[in-house]
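Here the structure is laid out as structure tokens; the discussion comes afterwards.
The values are calculated or read from the model by the stated rules, or taken from the named source; none is laboratory data. Since this is a predicted model, take the numbers as computed values, not measurements. Note: ideal-geometry Cβ built from the backbone for every residue, glycine included; neighbour counts use all protein chains shown. In case anyone asks, the SASA skips ligands and DNA or RNA and just uses the protein heavy atoms, side chains included. Shrake-Rupley method; radii C 1.70, N 1.55, O 1.52, S 1.80 Å.
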Amino acid sequence: MRKLLFLFAGLLFTAAATGQNKNFLDQPYLETSASADTLVIPDRIYLGILLKESDTRGRTTVEELEQQMSARLKAIGVDTQKQLAVASLSSDFRRYFFRGQEVEKDKSFELVVYDAQMAGRVLFELEKLGIANVSLNRTEYSKLESLQMALKAAAVRKAREQGRMMSEALGQGLGRAIYISDSGYNVYPMLRGKAAGVQMSAMQEADAYQPVDSDFQKTRVEVSVQVKFILE
């Protein structure tokens, strides 16, 4: 009998707890949403570089182009060990196009630089070597994760302030938060193929590089949250 009583009491407690959890919003509450955003300048610029023998009409091999490119990049301050990588999962990323008795080779790289001025300098120097197949693959902001956290905290504070103002207008008090929804983040615009101060097509002939006093277009990072507060 005692065991049955304990079992019955346990069932009552579980049912009560379940009902409480199920109906925790069955009380006056206020729901509000808020967002926070900021502008950042991308600090990782990824350039795609394609070396093709056909661009030199067979006068220069891919191996020679690679050596010339590496030497020129080092001369302008690029750490090729850290910033330059072969952009392929294959062993050497050489594609062979058979056309009659001729074999044409190409090799693709990805180069990361950290500002628009260096991106423009790279384009200029490669253009002088006859390497024109350069594209802007993507841009990134290296501190995006920590920035997201700071913006989310700001959005939650903004949501609470909005809730306080609305509850006061109703003559009520704002209680504790009982629900928070993180809507993630948005980054825009996503740069593809163009950026302020950098021309991705053939550049004008010049003896020395003349940098443009400009930087990449700023990217807006935005986060949004929804919060429910108890009305007191």
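Data overview
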read-out	value
In region 165-199, the residues that are touching a Leu at 6+ places or on another chain (Cβ under 6 Å) and modelled with pLDDT under 55	G193
Enumeration of residues in region 102-132 that are in contact with a Gly (Cβ under 9 Å, 6 or more places away or on another chain) and basic (K, R)	R121
Every residue from region 101-149 that is polar (S, T, N, Q), surrounded by fewer than 19 Cβ atoms within 10 Å (Cβ to Cβ) and part of a strand (DSSP E or B)	S108, S135, N137
Tally of residues being more than 13 Å from S224 (Cβ to Cβ) and within 26 Å of the chain's Cα centre (by Cα) across region 154-171	1
Inter-residue pairs, beta-carbon under 7 Å, first of a type in the set (S, T, N, Q) and in region 215-228, second open to solvent by less than 50 Å² (accessible area, probe 1.4 Å) and part of a strand (DSSP E or B), 6+ apart	Q217/A195; T219/V40; T219/V187; S224/S35; Q226/S181
Where T139 falls short, out of the listed (1) in contact with a Leu (Cβ under 7 Å, 6 or more places away or on another chain); (2) modelled with pLDDT of 95 or more	(2)
Test: residue in region 27-50 that is farther than 23 Å from V225 by Cβ, more than 22 Å from the chain's Cα centre (by Cα), among the polar types (S, T, N, Q) and modelled with pLDDT under 90	no
